[in-house]
Amino acid sequence: MKDFDSFYLKLTSEQAWFEAIQMTYRNKDYKQVAMECYTWLLTQPQLWQSQDYVRYRQSYQKFLLYSKDKEQVIIPPKALPVVIHPEALTGEAREKRLAEYLAAHLACEEPKKVAPLTARERLNGDVRPLPPEIHEPSEVEKRKAYRDHYDTVRLSRTRVFTDAYPEADEAEILAYLDQFKKLDDPLNLF
């Protein structure tokens with residue numbers, strides 16, 4: 001292994017070349033590929049005895065080109081603790097509120113279909129009144145509604161981020177909010 005270490009040091013001693021290699025092949029395991037190249041060079045006695053590191057670097061670059069990317073280690077994000085809202089109903093108060101809701105829900109009548117016109121109404125020329133026209137908001141009203149919605153959402157996102165990371169500074173908060181620019185684009189709403 002001593003020979004490999006000296007081979008690897010000589011191979012990477014050309015600093016400008018090795019920096020270019022690292023920029024070109026970012027996801028490669030350089031030492032592992034060098035080991036494969038070294039093993040191959042050992043099988044070529046004439047080439048190995050020449051000690052021509054220019055040709056070795058060319059061979060190494062070919063090996064890099066065809067080698068697999070190194071496996072990326074994915075670190076899952078740390079789970080944040082679940083915080084129950086301090087004003088959340090629990091116990092008897094919750095059961096009471098659920099009972100009130102259920103009673104109100106059951107007390108509501110189901111909507112009935114509009115009865116069709118009878119034969120007599122059709123003969124008399126009666127018609128059902130049309131439902132009121134739906135108000136189409138103007139462009140100004142749409143923009144105002146979007147702005148109000150955007151402000152509410154941005155405020156809640158800021159609150160969520162600052163609750164999770166209380167020591168975050170203004171730049172970190174803005175970087176977090178910038179992730180949602182495409183989502184908040186008004187052209188996506190209409």
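Computed from backbone phi with θ = phi - 60° and the Karplus coefficients 6.51, -1.76 and 1.60, the 3J(HN,Hα) list for region 136-152 is 8, x, 6, 4, 5, 5, 4, 5, 5, 4, 5, 4, 4, 5, 4, 5, 5 Hz; x is used for glycine and proline.
Label positions at ALA119 and TYR146, each projected 7 Å from the Cα along the C-beta direction, are separated by 5.6 nm. Measuring spread by the Cα atoms of region 114-190 yields a radius of gyration and Dmax of 24.4, 76 Å.
Distant-in-sequence amide contacts of LYS70, defined by a placed amide H-H separation under 5 Å and a gap of 5 or more residues or a different chain, comprise LYS28, ASP29. Compared with the rule-of-thumb size 2.2 N^0.38 Å for a compact globular protein, the chain has a Cα radius of gyration ratio of 2.20.
Mind pulling the angle between the C-alpha long axis of helix 30-42 and the longest principal axis of the chain? Nearest 10 degrees, somewhere in 0 to 90. Tilt of helix 30-42: around 40 degrees.
What's the longest piece of the chain with no exposed GluC sites (Glu not before Pro), counting a site as exposed if DSSP puts it in a loop and it has at most 12 other beta carbons within 10 Å? Counting at most 12 other Cβ atoms within 10 Å as exposed, the longest clean stretch of the chain is 1-70.
The phi torsions of region 57-74, fed into the Karplus equation with coefficients 6.51, -1.76 and 1.60 and a -60° offset, translate into couplings of 5, 5, 5, 4, 5, 5, 4, 4, 4, 9, 7, 6, 6, 6, 5, 7, 8, 9 Hz, rounded to whole numbers, with Gly and Pro shown as x. In this structure, the pairs whose alpha-carbon distance is over 18 Å, taken from LYS28/LYS68; LYS10/LYS68; LYS10/LYS31; LYS28/LYS62; LYS31/LYS68, are LYS10/LYS68.
Compared with the dominant principal axis of the Cα atoms in the chain, helix 15-24 is inclined by about 30°.
A DSSP coil position with no more than 13 other Cβ atoms inside 10 Å describes the following trypsin sites (Lys or Arg not before Pro) in region 66-154: LYS68, LYS70, LYS78, LYS112, LYS113.
Across the chain, C-alpha contacts under 8 Å between residues 6 or more apart give a mean separation that, scaled by the residue count, equals a relative contact order of 15 percent.
Readers should treat all values here as calculations from the given coordinates under stated rules, not as data from a laboratory. These numbers come from a predicted model, not from an experiment. All Cβ positions, even for glycine, are placed from backbone atoms using ideal geometry, and neighbour counts span all protein chains on display.
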